[in-house]
């Protein structure tokens, strides 16, 4: 688990240059406003350390979102217009610190909503959510269960969207017949392993070996890659490995002469991978998170305002730091804002009811439905289409939007089978 990394004292920030600036304090208000009426939103995520790539860029994106919303008049509720302010707390991906942070954000800062990465930190926060009734969001639906009634997953449907990449690959490169996979052995890696196994089985792609699970404290990936490609696979799957793993694994694949297909959940800071390997080596690398300057995001189905402008502003302020989560927390705030204005209130229960009314919602990539009972025991995940992204000519390119529900309707039994095999169903998780 990630606690091993923390105890070992490893920082592994090779690819997270901006996180050092976040270390100044554990509680970090990022958007401060002088206004009589202010709604505070909690941002409880790793802002430093090895998982900061899935926290800090999201807070940076929220700063841009808040400035846009406030400039347009703020949040319009029944008793007037409110400016929005984000209050950040660095949980360092530690459950105990996450619990402390949640308590502070609610009791001292008076927030109306708290966004989290989730994963290993959610069990530390759940007792606070249960006691206070605060509405929380996670980027990991695998945190959901029938007991998590105030937890929602309205943006990212990790790891289920990973099936779309495998499905696209099987249809567009049918000559690829075999695969291997590696992942860190933790709450982010294991449900993703089960998902990829289901997707490969559904696509008729043979796994040459069991998934190679490595300790999160691993720093030398040469032997991992040597073992991984020993059977000469057509496809190497990097599961939901953190950036600090994806980068050295890709470099080792390059150095050890792998010529096949690579597929991964994320490819954060892929320009750095290209620099350490080659543009030719990274050509066709499949993952799930687009750059927001992609023309495909200007279609009518997209529910994220001015994605190209958002991307340009983010890169202007935070050069080299665009990644998987840069837009996701802001997208959650789009849904929260619409629900609060619909309810006329920022109270957690009112917002939650308005957000889920009718069983559908405006996901960033199109209309989606609240779903999840089959896998999570509760319909608190917003599920619809998700993009398949490939690196072409050194640039991330959306190849297609694919329906997650359509895949599940055909192959849901396989996903349940593999989730059970890895003890990842809601009723198996402790």
#### Entry: Alpha-carbon Debye profile of segment 308-430, log10 I(q)/I(0) at 0.17 Å⁻¹
-1.11
### Task
Rounded to the nearest 10 degrees, what's the angle between the helix 95-107 long axis and the longest principal axis of the chain, both from Cα atoms, 0 to 90?
20
## Note on the structure
Ranked by GNM mean-square fluctuation in the chain (Cα springs under 10 Å), the top entry among 337, 362, 104 is 104
### Query
What residue among 204, 284, 88 shows peak mean-square fluctuation when the chain is described by a Gaussian network model with Cα springs under 10 Å?
204
### Query
Separation of segment 409-429 and segment 191-212 by C-alpha centroid, Å?
13
### Query
What spacing in nm lies between the two simple spin-label points modelled at residue 373 and residue 255, each 7 Å away from Cα in the Cβ direction?
5.2
### Using alpha-carbon coordinates, inclination of helix 243-255 to the longest axis of the chain, degrees
20
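At a threshold of 8 angstrom on Cα-Cα distance, excluding pairs fewer than six apart, so keeping six or more, what relative contact order does the chain reach in percent?
18
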### Query
Of the labelled options (i) 25.8, 78; (ii) 22.1, 67; (iii) 20.4, 65, which one gives Rg and Dmax of the Cα atoms in Å as computed for this structure?
(iii)
### Task
Could you work out which residue, out of 40, 177, 97, moves most in a Gaussian network model of the chain, that is, has the largest mean-square fluctuation with Cα springs under 10 Å?
177
### Cα-based helix-to-principal-axis angle, 189-203 vs the chain, degrees rounded to 10
60
### Summary
As a percent rounded to 5, the proportion of antiparallel DSSP bridges among beta bridges in the chain is 45
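Please report 382, 238 as a ranked list, fewest other C-beta atoms within 10 angstrom at the top and most at the bottom.
Ordered by Cβ neighbours within 10 Å, fewest first: 238, 382.
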### Task
Take every Cα pair under 8 Å in segment 319-397 that's 6+ residues apart, average their separations, divide by the length, and report that relative contact order as a whole percent.
17
### Summary
Ranked on Cβ counts within 10 Å of their own Cβ, fewest leading, 38, 236 go 38, 236
### Query
Each label point is 7 Å from the Cα along the Cα-to-Cβ direction; what then is the distance between the points at residue 147 and residue 177, in nm?
4.7
### Message
Suppose each label sits 7 Å from its Cα in the direction of the beta carbon; what would the residue 417-residue 283 distance come out to in nanometres?
### Response
3.7
### Summary
Rounded to the nearest Å, the spacing of the alpha-carbon centers of segment 272-316 and segment 59-97 is 24
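Calculate for the chain the 222 nm mean residue ellipticity that helices alone would give, adding -39,500 (n - 2.57) per DSSP H run of length 4 or more and normalising by residue count, nearest 500 deg cm²/dmol.
Details: 15 runs with 162 residues, N = 430.
Helix-only estimate at 222 nm: -11500 deg cm²/dmol.
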### Query
Hey, can you rank 352-359, 260-267 by average C-beta count inside 10 Å, highest first?
260-267, 352-359
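Computed from the coordinates by the stated procedures, all read-outs in this text should not be read as laboratory data. Remember, predicted model here, so these are calculated numbers, not experimental data. Quick reminder, even Gly has a Cβ in these numbers, built from the backbone with ideal geometry, and neighbours come from all protein chains shown.
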